[in-house]
Amino acid sequence: MKPPRSHGRQSVRATLKPRELMQDVPDYADVWQARIITLFPELFPGVLGASLTGKALNDGLWQLHTHDLRAHGIGKHRNVDDTPAGGGAGMVLRADVVGPAIEEAQSHARGRWPILYMSPRGRPFTQSMARDLATCTGVTMLCGRFEGVDERVLAHYNVTEVSLGDFVMTGGELAAQAMIDATVRLLPGVLGNAESTVEESHSSGLLEHPQYTRPATWEGHDIPSVLMSGNHGEIAKWRQAQAQELTQTRRPDLWARYKKP
Ligand SMILES: C[S@@+](CC[C@H](N)C(=O)[O-])C[C@H]1O[C@@H](n2cnc3c(N)ncnc32)[C@H](O)[C@@H]1O
């Protein structure tokens, strides 16, 4: 069977051995870096090793390093957590374990390089935060587990709490990968088509217009005729109107912000 054809945006296959992309790589001063503090370094690069982010990692357009929290654990058993002061359920990651891991990650930091803690209490991550992060030289991301992290370490290192959304996951690794994915695709040279980030959802405050591709008719449904007309002015008008209508009906919050003078 012939492989399916790709229309429009670039199609890239998953990297075969993604973890190798993170090992024994020297630090390049002008390359955007993510340093991840986690109890599960084997979860990286995860989805970031595939497709465009994986290819960009392979091509040295960005770098990824993990810092294993367990390596900073206390005693023979390398304990990383303890019971919450004041009582209550669960365990808390210790400040004297997380602190040295942050120090280790930050010893590689240069320029504008925030420390983010993946946290459901944080400010919800947005496209504008991804845009800002892409202009930094790098980022350190702390992935929590259990009930979270001793508050003193967050205050001491001026850590910013960022959330993937109003729900609770078991750890911060998925959030870190989502935020890095959104950021890396904005780095110069990562996307094949430079216009892809200009017209998409959340770039201009609107959701993106509907997309269609071949075949022209599928199960009796036609592609809207304006898109087949070749009239680029009319196509642009139609797309703008669709984007506005979608945003108004699906996301009144975004629409109100867009309409604000
Ligand atoms: C079970 S959660 C801890 C939740 C914490 N006790 C609370 O109520 O805010 C464990 C870890 O998962 C990560 N996490 C969970 N939900 C998240 C979200 N929505 N965004 C980012 N990180 C999240 C955080 O790193 C957190 O420390």
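Just so it is clear, none of the values below were taken in a lab; they were calculated from the coordinates. Just so you know, these numbers come straight off a predicted model, no measurement behind them. Positions of Cβ are backbone-derived with ideal geometry, glycine not excepted, and every protein chain shown enters the neighbour counts.
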Item to check | Under-5 Å amide H pairs with Leu64, H placed in peptide plane, nonlocal only | outcome: Ala34
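Given charges of +1 on the Cβ of Lys and Arg and -1 on the Cβ of Asp and Glu, with all other atoms neutral, how large is the dipole of the stretch 18-184 about its Cα centre, in debye to the nearest 20?
Details: 14 positive and 20 negative charges, 23 e Å.
Using only the charged Cβ atoms, the result is roughly 120 debye.
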Checklist entry - If you find the alpha carbon centre of the stretch 184-249 and of the stretch 123-179, how far apart are they in angstrom? => result 31 Å
Item to check | Residue among Arg214, Arg239, Arg110 with the largest mean-square fluctuation in a Gaussian network model of the chain, springs linking Cα atoms under 10 Å | outcome: Arg214
Item to check | Options Val184, Gln240, Thr170, ranked by Cα towards positive dipole end of the stretch 135-261, top entry (Cβ charges) | outcome: Gln240
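Dipole magnitude of the stretch 191-238 about its Cα centre, charges +1 at Lys/Arg Cβ and -1 at Asp/Glu Cβ only, in debye to the nearest 20?
Values: 2 positive and 7 negative charges, 17 e Å.
Using only the charged Cβ atoms, the result is roughly 80 debye.
Can you divide the C-alpha Rg of the chain by 2.2 N^0.38 Å and report the result to two decimal places?
Numbers: Rg = 21.8 Å, N = 261, 2.2 N^0.38 = 18.2 Å.
Output field value: 1.20.
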Item to check | Placed amide H near Leu207: partners under 5 Å, 5+ positions off or other chain | outcome: His202, Thr247
Checklist outcome for this item: Which residues qualify? For Gly138, with a placed amide H closer than 5 Å and at least 5 residues away or on another chain, they are Gln33
Checklist entry - How large is the helix-only mean residue ellipticity at 222 nm for the chain, computed as the sum of -39500 (n - 2.57) over DSSP H runs with n ≥ 4, divided by its residue count, in deg cm²/dmol to the nearest 500? => result -8500 deg cm²/dmol
Checklist entry - Roughly what would the spin-label model give for His221 and Thr137, points 7 Å off Cα along C-beta, in nm? => result 5.0 nm
